[in-house]
Amino acid sequence: MNNIVCKFGGSSLANSKQILKVFDILKNDDRKIVVLSAPGKINDRDTKVTDLLFELYNAFIKKQNFENIILEIKNRFVEIINGLNIEFDIDTEFDKICENIKFNIDRDYITSRGEYLISKIISKALSANFIDAKDLIFFIDKETVDFDKSYKKIRDEIKKIKNNKKIIIPGFYGMGQNGNITTFSRGGSDITGSIIAAAINSTIYENWTDVSGVLWTDPHLVKNPKTIEYITYAELRELSYMGATVLHEDAFYPVSKIGIPINVLNTNKKNDKGTMIVKNEFNEKNKFVVTGVAGKKNFSSVIVEKTLMNNQVGFLSKLLNIFYKYNISVEHCPTGIDTASIIVKSELLKEYRNEIIADITKQLEPNNLFIEDNLSLIAVVGRNIKFSNELLKYIFDVLSDNNITVKMIDQGSSRISIIIGVDDSDFEKSIKVLYNKLVDLEIRS
Ligand code: ASP
């Protein structure tokens, strides 16, 4: 029998109608452990409960009237309780929360209550076991989870449960060193699910959302892009870094470390296969597949030219140090024999542009130094890209056929992506033509 951890996102829990779909999915006995986000939104008119809780916290801090916010949050839960047709004393829960807040206004405590309450309500509706995340997930500091301690506690607590009922765990928070509730950053229930899945060595980590998996490219730029069926963690990291948003980026680490696959699924279309995110490429020897295309605008390239640069030991290190001095992270660094370029986000360069030019001029005495702005970076990510002799030809042909000038190219050392720089004004068009050309490409090299 499988042992599946599943996490449901806010849109799957936005109201009672959505939650009934979740119950239907949970009829499968293999889905034993369930991690929940707070009720979110299914359309633009809705507000996420977590956003309302942040509003509530701000109202408390500013000593503003908060009764209407409490009422709005409470009404969301009342609709769910009534829609599920269960008895649940929401008033007492809210009184408790208000009492705690008066005693100590704590942002993380307040904003975690959406996950806490929905998990309490759903465990009641399913007669399931409820385990509070504060007893399972431990933080060393706000950014760091104590994995060993959390894994051990998760295993111990789950082992204690002797019945066969589901186990419901709120996502997004745990306990800090001081014994107070500590939350992850926004979207952090994905991380909770991943930690729980890793702790119990789950067969699979199902992440239920409102899309049928990870899309091949940005749906704002290409209409109905294809869904990626399989992708490795590393490939997805490349796509996410380049702007594809799927899971919280810290959610990969726990499951990927031990190779548990993540299945991104759609609560509204439960039979869709979604996307399977796996550790290793499959047995597709020499088969080359592009898995996706993603990109971002607004980069700048600082280009330094100096004759005999390659003979000067430490040239690059001095150049990089100048960016380090101004705390600017370097995205790419394509170099030639007598040229080096440093690619950074334009907004980061803005503040120290003149200082950087002055430092480079003084320390490196270049023959030429110039900055190219309005650069977009596009990543073509794929499996076995390193084997493909033809991919570059396809990319350059399709870009040049469409009068798009390639300003930069960088093949990541991971060899699973090729980064192309184009002018910002060509960005949207580039994504479209690359999608059309590469989406169904399969080459055996
Ligand atoms: N409810 C939190 C948020 O809206 C955490 C989550 O959904 O994962 O960010």
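The values are calculated or read from the model by the stated rules, or taken from the named source; none is laboratory data. Just so it is clear, the model here is predicted, and its values are computed rather than measured. Please note: Cβ atoms are built from the backbone with ideal geometry, for glycine as well, and neighbour counts cover all protein chains shown. Only protein heavy atoms, including side chains, enter the accessible area calculation; ligands, DNA and RNA are left aside. Shrake-Rupley method; radii C 1.70, N 1.55, O 1.52, S 1.80 Å.
Overview of results
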quantity: Dipole of region 150-285, positive direction: furthest Cα of SER202, ALA251, ILE191, with charges on the beta-carbon; calculated: SER202
quantity: Taking region 326-445 and dividing mean pair separation by its residue count, relative contact order in percent (alpha carbons under 8 Å, at least six apart); calculated: 23 percent
quantity: Förster radius 30 Å - calculated FRET efficiency between GLU99 and LYS142 (Cβ-Cβ, nearest 0.05); calculated: 0.75
quantity: Inter-part distance where region 75-103 and region 108-151 are each reduced to a Cα centre, Å; calculated: 17 Å
quantity: Added length on full extension, which subtracts the Cα-Cα distance from 0.36 nm per residue, LYS325 to LYS17; calculated: 105.5 nm
quantity: Dipole magnitude of the chain, debye to nearest 20 (Cβ charges: Lys/Arg +1, Asp/Glu -1, about Cα centre); calculated: 1160 debye
quantity: Inter-centroid distance (Cα atoms) of region 242-262 relative to region 390-421, Å; calculated: 26 Å
quantity: Lys, Arg +1 and Asp, Glu -1 on Cβ, resulting dipole of region 1-80 about Cα centre, debye, nearest 20; calculated: 80 debye
quantity: Options CYS6, THR50, ILE420, ranked by Cα towards positive dipole end of the chain, top entry (Cβ charges); calculated: CYS6
quantity: For region 328-431: Kirkwood Rh in Å [reciprocal of mean 1/r, alpha carbons]; calculated: 15.4 Å
quantity: C-alpha center-to-center spacing [region 203-218, region 341-360] in angstrom; calculated: 37 Å
quantity: Net length gained if the chain between ARG107 and GLU351 were fully extended (0.36 nm per residue, minus Cα distance); calculated: 84.6 nm
quantity: Relative contact order for region 170-236, counting Cα pairs under 8 Å that sit 6 or more residues apart, in percent; calculated: 19 percent
quantity: Gained length - LYS159 relative to VAL406, 0.36 nm times residue gap less alpha-carbon distance; calculated: 83.2 nm
quantity: Total charge dipole magnitude, region 319-445, about the Cα centre, Cβ charges on Lys, Arg, Asp, Glu only, Debye to nearest 20; calculated: 420 debye
quantity: Percent carbon-and-sulfur accessible area, the chain, ignoring ligands, DNA and RNA, probe 1.4 Å; calculated: 47 percent
quantity: Under the Karplus curve 6.51 cos²θ - 1.76 cosθ + 1.60, θ = phi - 60°, whole-Hz ³J(HN,Hα) for region 89-102, x wherever Gly or Pro sits; calculated: 7, 5, 4, 4, 4, 5, 4, 4, 4, 5, 4, 4, 5, 4
quantity: Selection from PRO219, VAL278, TYR324, by position along the positive dipole direction of the chain (Cβ); calculated: VAL278
quantity: For region 103-205, the Rg and Dmax computed from alpha carbons only, in angstrom; calculated: 13.3, 43
quantity: Residues whose placed amide H lies under 5 Å from that of GLY295, excluding near-sequence neighbours; calculated: ALA379
quantity: Diffusion constant of the chain at 37 °C, which comes from Stokes-Einstein with the Kirkwood Cα-pair radius and 0.692 mPa s, µm²/s; calculated: 135 µm²/s
quantity: Solvent-accessible ranking of THR183, THR361, largest area first, probe 1.4 Å; calculated: THR361, THR183
quantity: Average Cα contact separation per residue, region 258-375, under 8 Å, 6 or more apart, as relative contact order %; calculated: 31 percent
quantity: Surrounding net charge for PHE138, when Lys and Arg each add one and Asp and Glu each subtract one, Cβ distance under 15 Å; calculated: -3
quantity: Ranked order, SER127, SER417 - accessible area, probe 1.4 Å, largest first; calculated: SER127, SER417
quantity: With DNA, RNA and ligands ignored, accessible area of LYS96 (1.4 Å probe; Å², nearest 10); calculated: 100 Å²
